[in-house]
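The values are calculated or read from the model by the stated rules, or taken from the named source; none is laboratory data. Owing to the predicted nature of the structure, the values given are computational and were not obtained by experimental measurement. FYI the Cβ positions are ideal-geometry reconstructions off the backbone, even for glycines, and counts take in every protein chain you see. Accessible surface is based on the protein model in full, side chains and every heavy atom, while ligands, DNA and RNA are left aside. Shrake-Rupley method; radii C 1.70, N 1.55, O 1.52, S 1.80 Å.
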Amino acid sequence: MAVTVVPYSREWPEQFARVAADLRRALADVPMLSIEHVGSTSVPGLAAKPVIDIDVVVRRADLPAAITALVAAGYTHRGDLGVADRESMTAPDDDPRRNVYVCIDGTLHLRNHLAVRRILRARPDLRDRYGAIKTELARDPAMDIGRYLALKSPVLQEVLALSDLTDAEKWAILAINTGS
């Protein structure tokens, strides 16, 4: 399946806010720490796949209740999809298209998302370079998501070099992104 990357849209924060409000209602009885807009759509000015990425952050003990509440709200639980401490949920509709994950507080996956968001928001030079690479990769009609993730990983590693992640954590993220 081809990868589509589009210029930044001012609608993305509004779409996130709408979905976050729905998620808060669905999770009203579940202790939740935060709902985070992550991924490229969370960085003003960054070209992105037009899919909102959302991390629902909970304590480990509250993970089963969060999954149960989201399933009751129409989401489908897909499991961790090979990423420990992150449970994938398929939304009941595509308005907007979104990836929703329930993440355990403090885990590598969540810390990675938050670090990338923080750094790209603070560094327009890296944001623009990352956007240019993503846009160029998406021009290839034969590009699939696995190759896309692997080929944009070098610039992500530059971004993560500015984070507080350990070298071992950066290598673990590289391995996930490149499938190695």
- Message: Can you give me the % of accessible surface on region 8-134 that is carbon or sulfur? Probe 1.4 Å, all protein chains present, nothing else counted.
- Response: 49
- Rg(Cα) of region 56-100 divided by 2.2 N^0.38 Å? 1.12
- Would you please state which residues of region 74-115 a label at Val6 would reach in this model, taking the label point 7 Å out along Cα→Cβ and a backbone N cut-off of under 11 Å? 97
- Find how much the distance from Asp105 to Ala61 grows on full extension, using 0.36 nm per residue of separation minus their present alpha carbon separation; answer in nm with one decimal. 14.8 nm
- Computed ³J(HN,Hα) along region 33-38: with the Karplus parameters 6.51/-1.76/1.60, θ = phi - 60°, integer Hz and x for glycine or proline, the list is 8, 6, 10, 10, 7, 10
- Can you work out ³J(HN,Hα) from phi for every residue in region 150-155, in order, using Karplus 6.51 cos²θ - 1.76 cosθ + 1.60 and θ = phi - 60°, giving whole Hz and x for Gly and Pro? 5, 6, 8, 4, x, 6
- Query: So what are the ³J(HN,Hα) numbers for region 168-174, from phi and the Karplus equation (6.51, -1.76, 1.60; θ = phi - 60°), rounded to whole Hz, Gly and Pro as x?
  - Reply: 4, 5, 5, 5, 5, 5, 4
- Note on the structure: Regression test value, accessible area per residue of region 28-180, probe 1.4 Å, units Å², expected 48
- Interchain or long-range residues, amide H under 5 Å from Asp53's placed H: Val38, Thr41, Asn99
- Relative contact order for the chain using alpha-carbon pairs under 8 Å, separation at least 6, rounded to a whole percent? 22
- Task: Enter the angle in degrees (range 0 to 90, nearest 10) between the Cα long axis of helix 11-26 and the first principal axis of the Cα atoms of the chain, meaning the one along which they spread out most.
- Result: 20
- When all protein chains stay in place, what accessible area (Å², nearest 10, 1.4 Å probe) is found for Thr76? 80
- Quote to one decimal, in nm, the extra length available between Ala142 and Glu169 on full extension: 0.36 nm per residue of separation minus the C-alpha distance between them. 6.6 nm
